[in-house]
1. In the set [x] 31, 18, 16; [y] 26, 17, 16; [z] 24, 22, 17, which value of semi-axes √(5λ) of the Cα gyration tensor in Å was calculated from the structure you see?
2. If amide H atoms are built 1.01 Å from N in the plane of the peptide, which residues on other chains or at least 5 residues away come under 5 Å of the amide H of Leu92?
3. For the chain, what is the charge dipole size about the Cα centre, in debye to the nearest 20, if Lys and Arg each add +1 at the Cβ and Asp and Glu each add -1 at the Cβ?
4. Which one of Leu50, Ser26, Asn152 is farthest out on the positive end of the charge dipole of segment 3-187, using unit charges on Cβ (Lys, Arg +1; Asp, Glu -1) and the Cα centre as origin?
5. Which percentage, to the nearest 5, of the DSSP beta bridges contained in the chain is antiparallel?
6. Once Lys and Arg get +1 and Asp and Glu get -1 on their Cβ, which of Ala84, Ser98, Thr114 lies farthest toward the positive end of the dipole of the chain?
7. Would you calculate, for the chain, the mean residue ellipticity at 222 nm contributed by helices, counting each DSSP H stretch of 4 or more residues as -39,500 (n - 2.57) and dividing by all residues, to the nearest 500?
8. Using θ = phi - 60° and the Karplus relation 6.51 cos²θ - 1.76 cosθ + 1.60, list the HN-Hα couplings for segment 112-117 in order, rounded to whole Hz, with x at every Gly or Pro.
Amino acid sequence: MRLSLSFYFSLFVSAPLYATPWEQVSAPTHNMSSSIGSYANGCLDGASPLPLEGTGYQVLRSRTNRYYGHPNTIDFVESLALKANQKLKTTLLIGDLSLPRGGRFSSGHSSHQTGLDIDIWLRLADYPLSYNELQLPKPMSVVDLQDYSILNHRWDKRHFELIRYAAKSDEVARIFVHPVIKEQLCAQ
């Protein structure tokens, strides 16, 4: 079972709650954990919730209930966050994982349906965010979309190290980043 990570440099999503039947379900099943189907057409049995706060991470927009995952996904997030906290002295901001039983979101993604996808923001937090900051986070882009280049005043060596830590994990199948970020990673 391999995970898929998305590192977000910005996100502009706002949606009403309970726009799909999957979003009306408030709790996971009590069955053995199983990711069923594909990332864009699947569900999740026996999900585990990611605690909203842990060593090295905080969950964004918890009111959307998108902080569930396969237990291996939860373990990976906690492990990566611990490493980021200890070695990079930062706190990860965790975006969407999955709904309690997987399935389709009303907005933002067609993936994230099986509990194996993780969004990690590239806005590294040097201090804990308040509840309001977590619920209405301000995106921070490291890419100048007009010039199609890295914003050097925002790009931090810790971005490279964080993505490298994730990429070296046997549990990670693929990492999605903007092409400009990929170019920056390859240049380092």
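1. [y]
2. Residues meeting the criterion, in which the H sits 1.01 Å from N, are Tyr57, Gln58.
3. 140
4. Towards the positive end, the residue furthest out is Asn152.
5. In the chain, approximately 55 percent of DSSP beta bridges are antiparallel ones.
6. Most positive-ward Cα: Ala84.
7. -7000 deg cm²/dmol
8. 6, 8, 10, x, 10, 9
Read the figures in this text as sums done on the coordinates, not as results from a lab. Computed from a prediction, not measured in an experiment: that's the story for all the values here. Don't worry about glycine lacking a Cβ; one is built from the backbone with ideal geometry, like all the others, and counts go over all protein chains shown.
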